[in-house]
Structures are given as C-alpha cells and as structure tokens.
Amino acid sequence: MLAVSVKNLSWKYEHATEFALKGANLDIEEGSFVAIVGPNEAGKTTLVSAIQGLIPHSFNGVIRGYVEVFGEKVAEKSSLELAQEVGLVFSDPEAQFTAMTVQEELVFGMENIGLTVEEIDERLHWAVEMADIADLLDKSPFDISGGQKQRVNIAAILAMRPPILILDEPTSMLDPLGKDFIFDVLTTLREQVAMTLIVVEHNIEQIAPLADQIALVYDGQVVKVAEPREFFADSGFLSERHVEPPEVTALAHWLREQRYYNGPLPLKMDEALSISRDLLKREVK
Amino acid sequence: MSVEPTVQPTSIKKRRKTLLGFVPEESIFYNLHPATRLIIFIVSGFAPIWIDLPEINIAIIILLLVLFTVGGVDLSRLKIYLPMMVTAAIFMFGIRFLFPAYESGYIPLQVGPFTVYYQPIFWAFISYWRIFALVFASIFYFSTNRESDTLIALRAFRTPFAATYLMALSLRSAGMFMEDFSIIRQAEQARGLDTGALSLRDRIKLYTMYTVPLFSIAIMRATEVSAALFARGYTISGRPPGKKKRAVYILTLHSFKWLDWFVSIFFILLFVVIVYLQTVHGTFRIEHSPMNHFFYNLVTR
Amino acid sequence: MSGEEVLIQVSKLNYVYPDGTVALRDIDMEIGTREFIAFIGQNGSGKTTLSKCLNGLFAPTSGSVIVEGLDTRSKGIIKKIVTKVGYVFQNPDHQLFNSSVWDEIAYGPRNIGVPENEVEERVREAATVAGIHEEIFQEHPFFLNKGLRQRVAIASILALRPRTIIVDEPTTGQDRKQSVEIMNFLKKLRDEEDHTIIIITHEMPIVVAYAERTVALCEGKILLDGPTREVFSQPNVLAKTFVQPRQITRLGQQLGDLDLPPDVLTVPEMCEIFGETLSR
C-alpha cells in the first residue's frame, strides 16, 4: 500500500506571487525511507507540509491536485487524525520545544491525542530509548543544547507513534556533533522501527546511505526519484540543479568515466574504501 | 554516546538553570510535592500582611535565611538584594524626615536639623520589615522552585489546561526572548553603539529600537510555533478527541505523601490562625511589640 | 602577500563568563592584513567567544587584545574598534534594527558620529560592494528574502569600513548555490577590497575551498593554527576538536598505508592522485 501519494499538487501561498509547487507528483511506499533534496525555495518544505496536512489546514492559499495518506485525502482529514498519522519535525529546535522540561515536552503530544497515563508511560520509555535521551528527562530547555533539543523533538513526535514521520532539515541548525546524533537516531529508526520515514536534507553525504529512494525537488516539481546509486548516476543533471553527490560517489563516478572502475557507485566511506583498496592494490602489485 | 555536545561549565555543575537564575541541583525541599511548596509560598507570602510586629517579621526573615542554607541555596547570591534593601530603607525613612506628618500625641525627636516624630518613624520601621518578609518569601520560593514546579502545582490544583499551558508558553517565550535580547544588544554594540555614553532620552529611544528585531523574530517564530503545535495535535482547550478529561502524566511522577499532607495542613492552619488572631484579637498589633515599648520609653524620658 | 602588517595581536587572552564558565585559556595569536581565516571547533570550544574578544564586544578577563594599536580593555573604545573589526552575526534578524535598508546601512556610521554627507557616501559605497540595488533602499528589511537580509547586514558592517570582518556561520542553512555566492562575495572582499576575513563555520568543504589559514579550538585553547592543508593533515590532533575533515580527506587518510597523502582537500585532487597511480 502506498503510504503517501502526491498527485499533481500545485500550491500558492496566500500572499505570494508565484506557485511554490507546480504539479508535483510523488509516491511513497509504506515502510520506505525517502530523502528529499534540492535547492532552497524549491518547494521541499511546502511539499512535506502538504503531506502532513499543515497545507491546507493551517495555511491559506490556492490548491490544485491532492495528497493522499494511506488512501485518504489529506484535505478531508481532521488535524488530530493527521497529527496521529503523519509526524513532522521542523528544523528549528527551539520553536518546537514549548514545554518547560524535557519530560513535559515528550508527553505533550500524547496527552493531546488522548492516550491514558499507562499508554503514555510505555511509549515515553520507548521513545526515550530510540532517541537516547534518558539522562535529559528532568532538564529545562534552557539547560540543553540545540542538538539535544532536536533529539527530544524527534522523540516527542515518535512517542505519538505516527506510521509516517517527516523530518524537515532536522540538522541544518546543529553543530557537527549534533548532526551526527540525529543521523544516529535516524539509523536506529530505520533499522528497528517499521515506519515510513521522509527526510528533507541538504547533507547528502549522511542521508544517502540511509535512503531507499531519493527525490529531487526543483522549481516546484519532483524532477527525479530513484534509488540512491541510480540517482547519482546522472551527475550532470544533478549539478545543473545544484545538488552534489557524496564526495566518494563523485570520485567513483570519475573513476568510471576514466574506465578504471566498473562496479556500483559507493554511497559511504566503507564501500569507497574497499573499492579504493581493490583498485590501488592491484596497481601497487 | 557519552559525549555532551557542549562543553560544560567547569565551575557550576550542581545547579539547574531557570528563567531568572539557578536553583540547586539537590535540595531537601525537593522531597515536598510542588503543590506543597506553592502552598508554603502563598502562606509565607501573604501572612506578613496581617503581622505588624517587627519582631515576628524579622524572625521570619531569619528563619528563611536558615531555610536557604538548609535547602542548599548559595547565600552569596542574595548579596545582589542588599543595594535594594539599603535604597528602600533610605527612601522609607527619608520620607519621614522630609515630611514629618505630625498628629497630636506624637513624640518629637530632634535629629540634627530635622524634627521627626516617633510614631511615623516606628511605623516606617514596621512596614520595612513587613515588606522584606514578603520579598524574602518570594526569593525563597523562586530560588528553590523551577517554572515547571509552579506549573505542576497549578495542575495539581486542577487549574484549567488552557490557563496553565498559556503560562508555560509565555515563560518559554520569555526565555527565548531573553536569549535573543542579549544577542541583539551585542549586535548593536558591534555597530558602534556605546550604551554607557548615552543620555537618558537616547536610552529610552534605544529600548524602543529593540522592539524592531525582537518583533521580527517573534513573528517568524510564532508561525513556526503554531506549525509545531499543529503537528503535536494541539487544541486550545486541551481536551482530547472523544474524552472528557485530559491525562496529566506529569502528575503521576510526584506523589502527595503524608509529609505533604502534614506540611500543607500545618501551613494552611497557621495562616487561618494568624488571620483570626489579628482580626479578632489584634494579637500582632503594634501595641504588643516589646521593641515599641522599649523605644517609646527611651524617647519619652 | 598576506600578513604583511599585524592588525590584531592577542596575548595570553583568558575569558571567563560572569557565571564562572571558563571560555578561553591563554590564547596567543596574530592576525595580519589580507588573510582569510576559518575558526573551527565544537560548539562551546570558544570560537565565538574569541571572535567577540577580537571585536571588543568582550573585554579580556586577563591578557590583552590589541587591535591596530587600540587596547580592547580601554573604556569607551567600542566606537573606535568597530571601525577596525566588524562582526556579522549568524542570524541577520538579530542585527536589523531600522525600517529601511538605507537607514540600516547608515546606522553604524551615524552611531560613531560620521557627518551626514559622508554617511551618504559610505552607504552608497557599501551597497555597491554588497550588490544591493538602489530600488530597495527604502524597503523594510523584514520583507526581503533571507539572502538579501544577510547582504544588508554585511553592508551595514562594511559602512563602518573595518579592515577585518568576522562572519559567524555564513553558510548555515543555505543550499549549495547560495553558499557559493556568499563565500565568493567574501573572497572578493578580501581580494579586491583588501579586507581580512575571518569565518566561524562548521562546514569543512567551505573551509577547505576558501580559507588559507585555519584555527582549530578545543575547550578554550588553540589546538591548531596554520595553513589549512597542514591543519587537515593531522587527523589525530583534529579529532580532539570533534571536527571531522571532509569525506574525501578522510578517505585519503584511511588509505595512508597505500601511500595516499593525508591532506587531500578536494575531489578533483583525489581524482588526479588516483589517475596518476592507476595510469602507471
């Protein structure tokens, strides 16, 4: 079953002069991990807001086409239904954190959707473990870093157990260590939880190894969707749209062009290392 | 993952940060339920209104200072209140020097070129200690309780969700505001603004200028906050779909033990007794003050 | 070429925050003319504090910072120091105080007492360099897009004519195209207008592509300070700052046993090395 189906979606914000989305199409399979990339202002945030239902429930504007989540139109669902089915984590760790302690933040969403104290307790412990924030429970938001807050935000949405979780540039405001922690959480989720993950990211290097599919949003449309190795194969197409592959992938691309290498493109360091060793050892001998 | 993303301050590890300062990491008072602590605050904060006797108010202040140490609060932090106490004393007594407010029966005293009267001076003395008993009760509460403790106490008293949530959001925004404010001040200095050298009129203009970036940031943040609340299924009433009452998980973490019952009832009774004694029997009125008798005799000799 | 003259001299600088946090310990460094420097390090390592000491926003707890002959510890020196060292904050919204672009750029010079006719000259000059067109001079900065707001913030610092400009996180949250634009602009400021540029950043590809000198801080101390290539070729020392060099450099470092150099800074460089080795 398709978790998400975006059909010819166009959207213009109320006071904007141009359409932010111009007939975007995207199908996402249940349980898959989709990365959404593309330049700023291309429509990525608009697209994921439309999947979560913020658009059209919370924004005024002109809409054409539609979005379906598990076969039902988003425009026809209530905001509470949407909060339970599609979770959304934003890029600013501060603005999402509205409670005065980590613990309160984690239970806020669960209380809103009407869970009992027992259900809350169970899910709380599970989410805390997934996001690795056990030592932060009692702290106030003024006492923890941006990276830690962001992990709490992810845990807070996770605790609501939405089958679809969207993260919109979750690491853009964090330092490298904070970024690493978030990607660790994403890896844990991908390996241990059966949910559909959609992540908008600029950090291609760290998201590509995790994704089942990468979607490129450019100028209001989804111009390319493919499994990562295939996605990076057409490097000219990507660089025209200001998207660069991971560095080791770019290296392998060049090696292929020079006919030194014929195998699959590496997405991460260990793959690149083994390819390099094979190639160079052959020569050194 | 044992590495913290930020470098911890090397000196202060044993404090928790709040909006206005710090509270101790551990304290004997944390054994009490936040609702009990709020009751203590309300009683200690209002009782001095019914107590004229400076002896008792001074004793309350001394007791609070003792409780500060017992509670693990760093007394040196109270030093910042000394200038305020001195200024208040100068103001309250100084007024009586300039405006003696004579009424018949007042005993005159000659202090240098000033003629003052005993009764108004002593009355200023009483008011001074009463005010500071109230102030210290507040300082004590805010030095041993975080914002979330107050909110938990309010929720325990079944305050409507919308009210407590509004309070919580305001406190959180105030915190974010303060962080932004300090960066904005630095940005102004980086543009050559020397705040020390400004005239009063310019300083007032300056504060209105702060509103420009604060508002831009606040407006942009408001859209983000409302989107975040939407994503967390927030409704203004806080009532979940199909249910009448909202679960309040945070209350399950604090239990109201026998100690809490004991302390709460004690304080509530104490408050009732004080009010009764004062209004019906006038127990705490100025006529019963040993200090008053002592000084009165001194000046009428 | 660069560093002919010492603009900023830092000696035994220590900085302790009012709440007792020790942010900087015994920092010694010199900053010369026409340099392009990157400050790197974890959040909390002291790089932002150090920059604010260079700009006079913070006075040293002990030690000294001398900016073109001016001691930052002197009282009332801020008006003079901002004409030597400019500081552009990460979020342009924290530093836009006025209701028109013109007033915003003019704000700095007016604060330091520049006569109004000269103010006009400076505003036009700064706007030209920053690529801000006359049409938006009367616009309210709030309604401009983020890239333009950043340029207005930079122009308003340029109007003070400092020789050194510190930019806090010029590329965070930007996509590739915007990052390249802003960095090329900073490079132009150094190349054509003779400024010294200091950037505080987490993005290693940016550091490698633009900064000739890199200073790595860790827990308030300078761990490494030198040409960028040298700094990145010491992975063991750099690891203490929790800053990782870019992927391609790490690849080279992990293939050290196959004689790959530890300081490969770009993908084309690596391609060349592979090409050489494999075509033998």
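Return the only residue of C:Gly76, C:Gly44, C:Gly63 being surrounded by fewer than 21 Cβ atoms within 10 Å (Cβ to Cβ), more than 20 Å from B:Ala190 (Cβ to Cβ) and of a type outside the set (Asp, Glu).
C:Gly63
Tell me, please, whether a residue that is assigned to a helix (DSSP H, G or I), under 30 Å from A:Met110 (Cα atoms) and modelled with pLDDT of 85 or more can be found in region B:206-217.
Within region B:206-217 (the criterion being assigned to a helix (DSSP H, G or I), under 30 Å from A:Met110 (Cα atoms) and modelled with pLDDT of 85 or more), the answer is yes, since at least one residue qualifies.
Quick test for you: out of C:Val208, C:Val243, pick the one residue that is outside any helix (DSSP H, G or I), within 14 Å of chain A (Cβ to nearest Cβ) and buried (at least 19 other Cβ atoms within 10 Å of the Cβ).
C:Val243
State which residue is nearest to C:Lys80 (Cα to Cα) when the search covers only region B:190-233 and only residues that are touching a Gly at 6+ places or on another chain (Cβ under 8 Å) and away from chain A (no Cβ under 14 Å).
The residue in question is B:Gly192.
Which ones in region C:85-123 are acidic (Asp, Glu) and under 13 Å from B:Arg191 (Cβ atoms)?
Within region C:85-123, C:Asp103, C:Glu104 qualify.
Scan region C:93-104 and give yes if some residue there is surrounded by fewer than 16 Cβ atoms within 10 Å (Cβ to Cβ) and touching a residue at least 40 places away in the same chain (Cβ under 8 Å), otherwise no.
yes
Taking B:Ser173, is it at pLDDT 85 or above and exposed (fewer than 15 other Cβ atoms within 10 Å of the Cβ)?
When the stated conditions are applied, B:Ser173 does not pass them.
Please enumerate the residues belonging to region A:160-179 that are within 11 Å of another protein chain (Cβ to nearest Cβ), farther than 20 Å from A:Glu94 by Cβ and in contact with a Lys or Arg (Cβ under 9 Å, 6 or more places away or on another chain).
Matches in region A:160-179: A:Met160 only.
So, in region A:180-212, of the ones that are facing another protein chain (nearest Cβ under 8 Å) and not hydrophobic (A, V, I, L, M, F, W, C), which residue ends up surrounded by the fewest Cβ atoms within 10 Å (Cβ to Cβ)?
Only one residue tops the list, namely A:Asp184.
Which residue, of C:Gly131, C:Gly113, is surrounded by fewer than 17 Cβ atoms within 10 Å (Cβ to Cβ), at pLDDT below 90, under 22 Å from C:Pro170 (Cβ atoms) and not assigned by TED's automatic domain parsing to the domain that holds C:Lys187?
The conditions single out C:Gly131.
Of the numbered conditions (1) part of a helix (DSSP H, G or I); (2) crowded, with 22+ Cβ neighbours inside 10 Å; (3) not assigned by TED's automatic domain parsing to the domain that holds B:Val73, B:Leu193 satisfies every one except a single condition; which is it?
Just one mismatch for B:Leu193, condition (1).
Given the criterion more than 11 Å from chain A (Cβ to nearest Cβ), surrounded by 13 or more Cβ atoms within 10 Å (Cβ to Cβ) and free of Cβ contacts under 8 Å to residues at least 60 places away in the same chain, identify the matching residue among B:Phe266, B:Phe294.
Going through B:Phe266, B:Phe294 in turn, the sole match is B:Phe266.
It is to be established whether one or more residues within region B:119-140 are within 15 Å of the chain's Cα centre (by Cα) and within 17 Å of A:Ala99 (Cβ to Cβ).
The answer is no, given that none of the residues of region B:119-140 is within 15 Å of the chain's Cα centre (by Cα) and within 17 Å of A:Ala99 (Cβ to Cβ).
Give all pairs with beta carbons closer than 6 Å in which a residue from region C:265-280 that is facing chain A (nearest Cβ under 7 Å) and farther than 21 Å from A:Lys281 by Cβ meets a residue that is in a helix (DSSP H, G or I) and among the charged types (D, E, K, R); count only pairs at least 6 apart in sequence or on separate chains.
Qualifying pairs under 6 Å: C:Val267/A:Glu247.
Check off (1) over 16 Å from C:Ala209 (Cα atoms); (2) in contact with a helix residue (DSSP H, G or I) (Cβ under 6 Å, 6 or more places away or on another chain); (3) within 14 Å of chain A (Cβ to nearest Cβ) for C:Ala155 and give me the number that stays unchecked.
With respect to (1) over 16 Å from C:Ala209 (Cα atoms); (2) in contact with a helix residue (DSSP H, G or I) (Cβ under 6 Å, 6 or more places away or on another chain); (3) within 14 Å of chain A (Cβ to nearest Cβ), C:Ala155 is out only on (3).
Among the residues of region A:124-150, what is the count of those that are within 12 Å of another protein chain (Cβ to nearest Cβ), closer than 13 Å to A:Leu189 by Cβ and either surrounded by fewer than 19 Cβ atoms within 10 Å (Cβ to Cβ) or at pLDDT 95 or above (or both)?
The qualifying residues number 1.
Kindly list the number of the only condition in (1) assigned to a helix (DSSP H, G or I); (2) in contact with an Asp or Glu (Cβ under 8 Å, 6 or more places away or on another chain) that fails for A:Glu230.
Of (1) assigned to a helix (DSSP H, G or I); (2) in contact with an Asp or Glu (Cβ under 8 Å, 6 or more places away or on another chain), only one is false for A:Glu230: (2).
Name the one entry in B:Thr36, B:Thr69 that is among the hydroxyl-bearing types (Ser, Thr, Tyr) and modelled with pLDDT of 90 or more.
Going through B:Thr36, B:Thr69 in turn, just one is among the hydroxyl-bearing types (Ser, Thr, Tyr) and modelled with pLDDT of 90 or more: B:Thr36.
Only residues that are more than 13 Å from chain B (Cβ to nearest Cβ) and outside any strand (DSSP E or B): list them for region C:13-48, please.
Result: C:Thr33, C:Arg34, C:Glu35.
Please find, within region C:223-240, the residue that is farthest from A:Glu257 (Cα to Cα) out of those that are at pLDDT 90 or above and outside any helix (DSSP H, G or I).
Ranking the qualifying residues of region C:223-240, first place goes to C:Leu223.
Can you tell me which residue within region A:219-272, out of those that are without any contact (Cβ under 8 Å) to a residue 24 or more places away in the chain and small (Gly, Ala, Ser), is nearest to the other protein chains (Cβ to nearest Cβ)?
Only one residue tops the list, namely A:Ala250.
Being among the hydrophobic types (A, V, I, L, M, F, W, C), within 7 Å of chain B (Cβ to nearest Cβ) and within 17 Å of A:Pro163 (Cα to Cα) is the filter here, so list the residues in region A:75-119 that pass it.
Hits for region A:75-119 are A:Leu80, A:Ala83, A:Leu88, A:Ile113, A:Leu115.
Working only within region B:236-266, note down all residues that are among the small types (Gly, Ala, Ser) and part of a loop (DSSP other than H, G, I, E, B).
Within region B:236-266, B:Ser237, B:Gly238, B:Gly242, B:Ala247, B:Ser255 meet the criteria.
Among the residues of region C:166-196, write down those that are outside any helix (DSSP H, G or I), within 12 Å of another protein chain (Cβ to nearest Cβ) and more than 12 Å from the chain's Cα centre (by Cα).
Hits for region C:166-196 are C:Thr172, C:Gly173, C:Gln174, C:Asp175.
Residue by residue through region B:130-164, note down the ones that are surrounded by fewer than 21 Cβ atoms within 10 Å (Cβ to Cβ) and of a type in the set (Phe, Trp, Tyr).
B:Tyr141, B:Phe142, B:Phe157, B:Phe161
The values are calculated or read from the model by the stated rules, or taken from the named source; none is laboratory data. What you see is a predicted model; the values in this text were computed from it and never measured. Cβ: placed from backbone, ideal geometry, glycine included. Neighbour counts: every protein chain shown.
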